[in-house]
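Input: a single structure, listed below in structure tokens.
The values are calculated or read from the model by the stated rules, or taken from the named source; none is laboratory data. All figures in this text were calculated on a predicted structure; none of them were measured in a lab. Here Cβ is always computed from backbone atoms with ideal geometry, including for glycine, and neighbour counts include all displayed protein chains. Keep in mind that these areas ignore ligands, DNA and RNA; they rest on the heavy atoms of the full protein, side chains included. Shrake-Rupley method; radii C 1.70, N 1.55, O 1.52, S 1.80 Å.
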Amino acid sequence: MEAASRWNPDGYLAWVREEIPAYDELQDLLVDATRRVHAHRILDLGSGTGETARRLLDLHAHAELHGIDASEQMVEAASQSLAGRPAHFRTGQLEHPLPAGGYDLVTSALAIHHLTAADKRELFRRVAATLSPGGRFVLGDVVVPDDPSDIQIELSEYDRPSPIPDQLDWLQSTGLQPHLCWTDHDLAVIAADRPA
């Protein structure tokens, strides 16, 4: 499937599952890492077609979700797929200010690896500031593995993954308490808690 499918809501899920065979496992584990959070307000960064948002709202049935994505087409697709549910999506860049704080849960699946290292560090600082005390940030994304033979995902000019230790350090420097939940070759799920 053509790489153009990454920006086409109609072909995105088929494309991403072909490119990332562990896509559904990553999604399941990301959502599982949110179970201990009593989420009333969720912020989803890089919402795409709304797949992560749908899974989150299935688990956190009483939550209201706000999603951000750079693509107007993806925002429209996510809004349509979650119509009638407490989900609100808007177009925006992850480098820009985040919505007003007070989120119990902030999540991101396969979006933050598009940012430079400096932009990741800055985003993590803004995520920490928007989390409520006791809140959690969960990131599921492409990473740079320790062993180059673990690289399985073909990268494009839009991809700038970072090593797990760097991301854990950047999260910790914001005052969050990060830990690695799962890793598989060049994928990882990381959770980071804001102390209560």
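Observations on the structure shown:
- Efficiency of FRET between residue 100 and residue 122 - r from beta-carbon atoms, R0 25 angstrom, step 0.05: 0.90
- At most 10 other Cβ within 10 Å, DSSP loop - GluC sites (Glu not before Pro), the stretch 39-102: none
- Length-normalised contact order for the chain - Cα pairs under 8 Å, 6+ apart - percent: 20
- By the helix-only formula, in which each DSSP H run with n ≥ 4 contributes -39500 (n - 2.57) and the sum is divided by residues, the chain has a 222 nm mean residue ellipticity of -10000 deg cm²/dmol.
- The simple Förster model, with R0 at 25 Å and r as the Cβ-Cβ distance, assigns residue 151 and residue 24 a FRET efficiency of 0.75.
- If you take all other residues with their beta carbon under 15 Å from the beta carbon of residue 104, and give Lys and Arg +1 and Asp and Glu -1, the sum is +2.
- Average accessible surface for the stretch 49-153: 42 Å² per residue, computed with a 1.4 Å probe over protein heavy atoms with every protein chain in place.
- Percent accessible area from carbon and sulfur atoms, the chain, protein chains only, probe 1.4 Å: 49
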